[in-house]
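Every read-out reported here was derived from the displayed coordinates using simple, explicitly stated rules and does not represent laboratory data. Here the structure is a predicted model, which means the values were calculated and not measured. Every residue, glycine as well, gets a Cβ built from its backbone with ideal geometry; the counts of neighbours run over all protein chains shown.
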Amino acid sequence: MANGNGRVGLRQRLSQAGDQMRSSQLWSSIFRPGSPFRHGYTDSPRNRSYVIMNNVLYHLHPVKVKRHAVRLSYTLCLGGLSFFLFILLTITGIFLMFYYRPTSPQAYLDIQALSTDVAFGQLVRNMHRWGAHLMVLTVFLHMARVFYHGAYKPPREFNWVVGVVLLLLTLLLSFTGYLLPWDQLALWAVTVGSNMALYSPVIGDQVSFALIGGVQITPDTLLRWYVLHVLFLPFIIVVFMAVHFWRVRKDGGISGPL
Amino acid sequence: MAGLPDHILRRSAEARAKAEGRDVEEVFAELKGEAPPKPAAPAEPETSAPDAEQPPAAESAEEPAEEPAAAPSGATTMRDLDTESQQYGVPVALLQRAIQARAKREGRELVAAGAPAATTEAGAVTPTPAAAAEPTPRAAPPAIPEGVTTQRLLTVVKAGAIQQVKSTPTDKVSVWPHLLAIEFVALMVVLAGLIIFSVFVDAPLLEFANFNEQPNPSKAPWYFLGLQELLSYFDPQVAGVIIPGFGLVGLAMIPYVDKNPAVKPSDRKLAIMIFSFFVFAAAILTTYGSFFRGPGFNFTFPWTDGIFFDF
């Protein structure tokens, strides 16, 4: 292992250290057998199976999928991207929660402070907002894609219903978040939007009252929608997503080919 | 016991003889329901031929040829299809078919039912002399004597009743690396696009919320603008409740309404047309409500009066 000078070079030392680290008990306890990060990983059909089977991703993906399923043009990754955007929105949302108080003047001031006083505050808020709009779009496009592939047909009928619920929950998440900046745009967009609930037959008043916590939007509405936005609806949507993904696997994986 | 081949009978006879300490031949004869046999006792196949009154004598012709080693008595080998049919629960027609098939396979000529042709038939086939010469080696028959059928047709099951045709094996690829690599790249592209967009375009933040000053126009979030647009055509009950309500329920009911099992677009044109109609209607209404509605939610051209729309 010595170079021309009879001394061990830096490169060799580094690679030795790397080997040592990957052979350690700690490392191999983290990366399960078959992981590409493990010492001595080789690319073989067996290991390709282990990468998925011994990985948390096994909850989402089978070891093998039909060949057409990996064509980008079949799914356009829309479902996966919706899920990814949900995770991204959760991360950026948690960041925003550190700087936000859902009370009347403070909410607006916190958002202002976010763009001036907080490092990356404006960027993260932008990502949260644009990501949310993008998620509404990808969820909708995912639904259209599934329809055009006839992927809602038996045995996938119920998963389509779950998907419609997820679309509705996505819209509600976006809508409840819309109020939180507590500016003119938020207040009046939500006023217009939630006024539609008033027109529900028979129970319109009650629905509207429960939704905005009064006969009109008040600072109390802010707290109510904040809790819905950061806790209640995410909890519900995660439950439905779990069922959705599980049913995708149970109903025979991706549909098609056409 | 007529249905059992002799070599099997013999085996059980040997076992029983050993257990009861008796003579093998005696037990064997008992099992066969005959008097204790003398080596010469078994009738030659030819003797069975005159039993022409047995209804389907067709197979009686080949039967002696089939089991020459066992050299059975004529009574046991003669096939009475009716009896056999009752005994095994196999329709007569199927038995006949099996006999015909066997005859065809072995290249023999099938004799018409009822004809006492056994003499000519069996005589022509080679094993008969062997059968005549047989008596002595009976003591130690081979495990499966040559020419003895060890299987019989029990029943014929129609295909499709029991057989479940599984889906044909499909061409599959490993998720790692093929799918995961694509997904990873897709996520990175979207993440990069989102970050770059967020760097250059700020989320809107207007003035502090003011209950006394409604902006003109006031618009809902963009995904509700199609509904808001409908509100300017229909009664609020219709546009705000009935249409979205029925829309959502109708959407969820698609799989239960669309009974067409086809997935090829060319085989489901109606479904695609209806769905596309609603998608385009929603897109047009949303675009219209977003960009072509100005103060008082009146019609404007975005390129003359500006855009009254906030994300």
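Using only Cα atoms, locate the centre of segment B:265-311 and the centre of segment A:19-96, then give the distance between them in Å, rounded to an integer.
Between the Cα centres of segment B:265-311 and segment A:19-96 lies a distance of 40 Å.
Rounding to the nearest 10 and keeping the result within 0 to 90°, find how far the Cα-based axis of helix A:10-23 lies from the longest principal axis of chain A.
70
Counting Lys +1, Arg +1, Asp -1, Glu -1, what net charge surrounds A:Asn54 among other residues with beta carbon under 14 Å of its beta carbon? Don't jump to the answer; show the numbers that get you there.
Numbers: positive: A:Arg32, A:Arg38, A:Arg46, A:Arg48; negative: none.
Net charge in that neighbourhood comes out at +4.
Using Cβ counts within 10 Å as a stand-in for footprinting exposure, how do A:Arg13, A:Arg247, B:Arg11, A:Arg46 rank, fewest first?
A:Arg46, A:Arg13, B:Arg11, A:Arg247
Calculate, for B:Lys264 and B:Arg22, the FRET efficiency according to 1/(1 + (r/R0)^6) with r their C-beta to C-beta distance and R0 45 Å; round to the nearest 0.05.
That gives a FRET efficiency of 0.05.
Please give the Cα centre distance for segment B:187-243 versus segment A:218-242, rounded to the nearest Å.
If you average the Cα positions of each part, the centres end up 19 Å apart.
Tilt of helix A:104-116 relative to the longest C-alpha principal axis of chain A, in degrees (0 to 90, nearest 10)?
40
Sort A:Tyr58, A:Tyr108, B:Tyr233 so that the residue with the fewest other Cβ atoms within 10 Å of its own Cβ comes first and the one with the most comes last. Walk me through the numbers before you get to the answer.
On the way: A:Tyr58 14, A:Tyr108 22, B:Tyr233 9.
If I rank by nearby Cβ atoms, fewest first, I get B:Tyr233, A:Tyr58, A:Tyr108.
Based only on other Cβ atoms within 10 Å, what is the fewest-to-most ordering of B:Phe200, B:Phe28, A:Phe209?
Details: B:Phe200 7, B:Phe28 22, A:Phe209 14.
Listed from fewest to most nearby Cβ atoms, that is B:Phe200, A:Phe209, B:Phe28.
Over 24 Å between Cα atoms: which of A:Lys66/A:Lys250; A:Lys250/B:Lys269; B:Lys172/B:Lys269; A:Lys64/B:Lys269; A:Lys66/B:Lys269; A:Lys250/B:Lys172 fall into that group?
A:Lys250/B:Lys269; B:Lys172/B:Lys269; A:Lys64/B:Lys269; A:Lys66/B:Lys269
Roughly how compact is segment A:72-250, stated as its Cα Rg over 2.2 N^0.38 Å to two decimals? Intermediate results must be reported in sequence, preceding the final value.
Values: Rg = 17.7 Å, N = 179, 2.2 N^0.38 = 15.8 Å.
After normalising by residue count via 2.2 N^0.38 Å, the value is 1.12.
Helix A:157-179: angle to the longest alpha-carbon principal axis of chain A, degrees 0 to 90, nearest 10?
Taking the Cα atoms of chain A, the angle to A:157-179 is about 70 degrees.
Would you pull out the residues with amide H under 5 Å of A:Lys64's amide H, same chain only if 5 or more places away, H placed 1.01 Å from N?
Amide H neighbours of A:Lys64: B:Val175.
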